[in-house]
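Since the structure comes first, as structure tokens, the remarks are kept for the end.
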Amino acid sequence: VQTYNHAERLAMQLVDGQKASVPAEDSRRLLTALMSPRTVLVGVGNVLRGDDGAGPALVDAIRNRCPCVCIDAGHAPENHLGQIVRSQPDTIIFADAVDMQLDPGQWRLFPARELVGVGFHTHTIPLGQLLDFLSARTGARAYVLGIQSGSVALGEPLSREVNDSLHEIAEIAADSCL
């Protein structure tokens, strides 16, 4: 008989095959349940391409506010697999700009197994493959914190909508770690 903790039960409730339809409040509750010192938050994206830099910007916003392991993986998260495995996480969250057909700045947290159909902007290896590998190596639960991007044009800053969402997510994470 397999048992599930609170975060896993909540994640299973979120899985309905429609990533963009995951209610925002469920994502907030799940993030609150997942944040701990044994959580690894990996920010993925290119800071030179506007909202694609949302993942690294989130790591910067959370790094000194929560005892979780924060890694700015830039555009090549595969270069940080060893560091993630050595952290012996219970939970791995990849934060990245995604296309979920939502308004810019809206965000959702969903299990990695639900990656099919979610559009990621710039990666050399699909995040689903990386998360499958990491889950197999560590036994950790894997999630994606997707932030709907607006512009990912070269040289653009983060949009106001994405920046506002990053502050909201950082507050939730910091409050969860108290």
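The values are calculated or read from the model by the stated rules, or taken from the named source; none is laboratory data. Being a predicted model, the structure only gives us computed values, none of them experimental. Glycine also receives a Cβ, built like all others from the backbone with ideal geometry; neighbour counts cover every protein chain displayed. In case anyone asks, the SASA skips ligands and DNA or RNA and just uses the protein heavy atoms, side chains included. Shrake-Rupley method; radii C 1.70, N 1.55, O 1.52, S 1.80 Å.
In the full protein context, segment 19-158 carries 41 Å² of accessible surface per residue, based on a 1.4 Å probe and ignoring ligands, DNA and RNA. Averaging the Cα positions of each part gives two centres, and for segment 27-77 and segment 139-178 these lie 7 Å apart. The magnitude of the dipole of segment 37-99, with charges of +1 and -1 set on the Cβ of Lys/Arg and Asp/Glu and taken from the Cα centre, is near 320 debye.
A simple count of charges around residue 105, restricted to other residues whose Cβ falls under 11 Å of its Cβ and scoring Lys, Arg +1 and Asp, Glu -1, yields -4.
The magnitude of the dipole of segment 37-178, with charges of +1 and -1 set on the Cβ of Lys/Arg and Asp/Glu and taken from the Cα centre, is near 560 debye.
With the simple model of a label 7 Å out from the Cα in the direction of the Cβ, residue 65 to residue 178 spans 1.3 nm. In the calculated pair-distance distribution of segment 77-178, the portion above 25 angstrom amounts to 24 percent of the Cα-Cα pairs. For residue 151 and residue 83, what is the calculated FRET efficiency with R₀ set at 30 Å and r taken between the beta-carbons, to the nearest 0.05? According to the calculation, E is roughly 0.50.
Scanning residues 5 or more positions from residue 46 or on other chains, those with amide H under 5 Å from its amide H are 53, with H placed 1.01 Å from N in the peptide plane. Give the residues of segment 61-85 whose amide nitrogen is closer than 13 Å to a point set 7 Å from the Cα of residue 133 in the direction of its Cβ. The answer is 76-85.
Simple point charges give the picture: +1 on the Cβ of Lys and Arg, -1 on the Cβ of Asp and Glu, and for segment 68-111 a dipole about the Cα centre of about 160 debye.
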